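In what follows, a single structure is set out as structure tokens and then discussed.
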Amino acid sequence: MLEQVHIKKLTTSSELGEVQRLNAEIWGSQAIPSHQLLATVHNGGLILGAYLEERLIGFNYCIVGFNEGQIQLHSHMVGVEKQYREQGIGELLKHAQKEYARENNFKLIRWLFDPLESRMANLSFSKLNTISHHYENNYYGPLDDDFNEGLPSDRLVVDWWIERNHVDDCLDELEEEADEVVPWSLTVAGLPVLDIEGTFQADEAFYRDAYLLAIPQHLQKIKVESPKLAEDWRYKTRTILTSLFDQGYAIVRMKKHKEYVHFYLLVRRSLLAL
């Protein structure tokens, strides 16, 4: 199916209307205003559409940003119709975005995503080789769409450098040697829980070159079956990632596990070719 999907830059009102429709369908919330979409594409931003034949099934919405003296392309939103997810369409959109960035002299693409959403973690770290060492608490405030309702809107800030490869050959070895920061286990109901004994100490000094941190494979399932457990995952991972980032670590990879959880690989930034 993937070879039949084509990506194109969207600029017309009718094309942007399709984006509004798909946005509302995916998130179950109000569509992005048409005037905002038009302002984006007419002022250096980018909206890409993924089409299967003549039908829009995915989009990527990007704006121009400026942070710490660096102009960047900020990838604000990627959406794919439910029946076509996990088939590589998001990756296609991201690579088309990268080509646009390169052609227009952007050096950096940045985006944010929920650190407990393993699908975006896999795309960002495993497929695109991004890096993250910045955590935002409740970045958007309360959100009431289908994906975000019920939890603080914490986000990882992800950097994708256009011409810089931070991933070294040593990462495979570091992944093999890495210990879990804290253990995970299963509840009586068969749901994963992180650090059930509360062993993590925020003021603990970390000294190893690399660590693994579990995240749930299916956050949305946990939110439905045990909202309090979903909150527990949110606040524990917030504390752990913030502490490790403050001590000079960065997420560079997501290690897949067969059941229940996957793992972030966190490595000392001083070991990376940044």
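Readers should treat all values here as calculations from the given coordinates under stated rules, not as data from a laboratory. Just so you know, these numbers come straight off a predicted model, no measurement behind them. Neighbour counts run over all protein chains shown; Cβ positions are idealised from the backbone, glycine included.
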Review point. Taking the simple approach of a point 7 Å from Cα along Cα-to-Cβ for both residue 269 and residue 11, what is their distance in nm?
Key: 3.9
Practice item. Pull up all non-local amide H partners of residue 147: gap of 5 or more, or a different chain, and H-to-H distance under 5 Å with H placed in the peptide plane. Key: none
Point to revise | Under Karplus coefficients 6.51, -1.76 and 1.60, residue-wise ³J(HN,Hα) of the stretch 150-156 in Hz, glycine/proline x | key: x, 10, x, 7, 5, 9, 8
Practice item. Let me have the relative contact order for the chain, percent, based on Cα pairs under 8 Å that are six or more residues apart. Key: 15
Exercise for review: Work out, step by step, the length gained on full extension between residue 228 and residue 25: first 0.36 nm times the residue separation, then minus their alpha carbon distance; give nm to one decimal.
Suggested key: 70.3 nm
**Study point:** Mean-position separation - Cα centroids, the stretch 225-274 and the stretch 146-213, in angstrom
**Key:** 2
Exercise for review: Go through 200, 247, 185 and say which Cα lies farthest out towards the positive end of the charge dipole of the stretch 158-261; charges sit on Cβ, +1 for Lys and Arg, -1 for Asp and Glu.
Suggested key: 185
Revision key, fill the gap. Counting only DSSP loop positions in the stretch 71-177, the chymotrypsin sites (Phe, Trp or Tyr not before Pro) whose Cβ has at most 13 other Cβ atoms within 10 Å are 140
Review point. Around residue 249, which amide H atoms from residues at least 5 apart in sequence, or from another chain, sit under 5 Å from its own amide H, with H modelled in the peptide plane?
Key: 269
Revision key, fill the gap. Note on the stretch 170-271: contact order normalised by length, alpha-carbon pairs under 8 Å, 6 or more apart, percent, works out to 30
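Please list 250-258, 179-187 highest first by mean number of surrounding beta-carbon atoms within 10 Å per residue. Walk me through the numbers before you get to the answer.
Numbers: 250-258: 18.4, 179-187: 15.0.
Ranking the peptides 250-258, 179-187 by packing returns 250-258, 179-187.
Give me the dipole magnitude in Debye, nearest 20, for the chain about the Cα centre, with unit charges on the beta carbon: positive for Lys and Arg, negative for Asp and Glu.
Working: 28 positive and 41 negative charges, 126 e Å.
Using only the charged Cβ atoms, the result is roughly 600 debye.
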**Study point:** Stretchable slack from residue 77 to residue 144, in nm (0.36 nm times residue separation minus alpha-carbon distance)
**Key:** 22.5 nm
Study note, to complete from the structure: With x for Gly and Pro, the residue-by-residue ³J(HN,Hα) of the stretch 45-51, computed from phi through the Karplus equation 6.51 cos²θ - 1.76 cosθ + 1.60 at θ = phi - 60° and given in whole Hz, is x, 8, 10, 9, x, 9, 10
Check your understanding: In terms of modelled amide H atoms, which long-range or inter-chain residues lie less than 5 Å from the amide H of residue 134?
Key -> 157
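Using a Förster distance of 41 angstrom, determine the FRET efficiency expected from the C-beta separation of residue 67 and residue 188, and round it to 0.05. Could the numbers behind the result be given before it?
Working: r = 45 Å, r/R0 = 1.11.
Using R0 = 41 Å, I get an efficiency of 0.35.
To the nearest 20 Debye, how big is the dipole of the stretch 1-157 about its Cα centre, given +1 on the beta carbon of each Lys and Arg and -1 on that of each Asp and Glu?
On the way: 14 positive and 20 negative charges, 108 e Å.
The dipole magnitude comes to about 520 debye.
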